[in-house]
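The block underneath contains the structure these notes are about, expressed in structure tokens.
Just so it is clear, none of the values below were taken in a lab; they were calculated from the coordinates. Note that this is a predicted model, so its numbers are computed, not measured. All Cβ positions, glycine included, derive from the backbone under ideal geometry; neighbour counts span all protein chains shown.
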Amino acid sequence: MWLTASTRCVGWSGRSCAAAPTGSRSWPPAGSSRPATATSNPEFSADELGVAVTEAGRRGKPVMVHALGGPAIGTAVAAGARSIEHGIWLTEADAADMAAAGAFLVPTLGIYRHLAAQAAIPGSLPPAATARAIAAGQTLVEAVRIARAAGVPIALGTDFAHRDMHGRNLGEITELVGAGLSPVQALLAATANGADLCGVGDVTGRLTVGRRLDAIVLDVDPSDPEIFTDPDSVGEVFLRGLLVRPPP
Ligand SMILES: [Zn+2]
């Protein structure tokens, strides 16, 4: 990614790269829907994860694992997962393992803010899930801090699962700044790091000679993370060098 001097262009790389064995397959994310003890009960064994990584690798695909905490993260990293999605209860030991393996953390902060807002509506979530949804978002901020301290690269992802939520993915940039990243670091998470995670960092994700132009154009200052909460901040959209959305 890079910003031009006029701040009108932000390189962009979406995430659509991987098969996904998951510790939280259903929506809403398990961080809000499971009893606390479930975090220590991974859905997949080390052998199963190993097979998933091997089979995906035979097709040239990396594997991302939606894991909340407990042994699931370490097992996934040891199996060769390219990234951990969520990572709510990430420990320093987990982060050290991820850094050594070059695994990314995709913290998906926005979905937990959404769930916390839902939880504030009486009756919208089961009582146990309500407290958990609120706590998960707060804990996830700490997980991001632990990951960054260990040198784990952060990439942007949302775990949005409903059509009404799509189109608001850029709000995750705002969430990352709220979790301690600088605006530039958050933009890199959304662009260059995402491309690197998907294995296409030599093709896209940065605005530089030799890479494909996948970019959005903004008429507002992207150093203000709040602009990303408004989808209307996006002007033109370029995909593979072609203008696919003209100026509004
Ligand atoms: Zn998930």
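Structure notes:
- Formal net charge of residues neighbouring Met98 (Cβ-Cβ distance under 13 Å; K, R +1; D, E -1): -2
- Note on Ala120 and Val220: the model spin-label points, each 7 Å out from Cα along the C-beta direction, lie 2.0 nm apart.
- Spin-label model, Val209/Ser182: points 7 Å from Cα along the beta carbon direction are separated by 2.7 nm.
- Gain on full extension, evaluated as 0.36 nm per residue between Glu142 and Val237 minus their Cα-Cα distance, stands at 30.8 nm.
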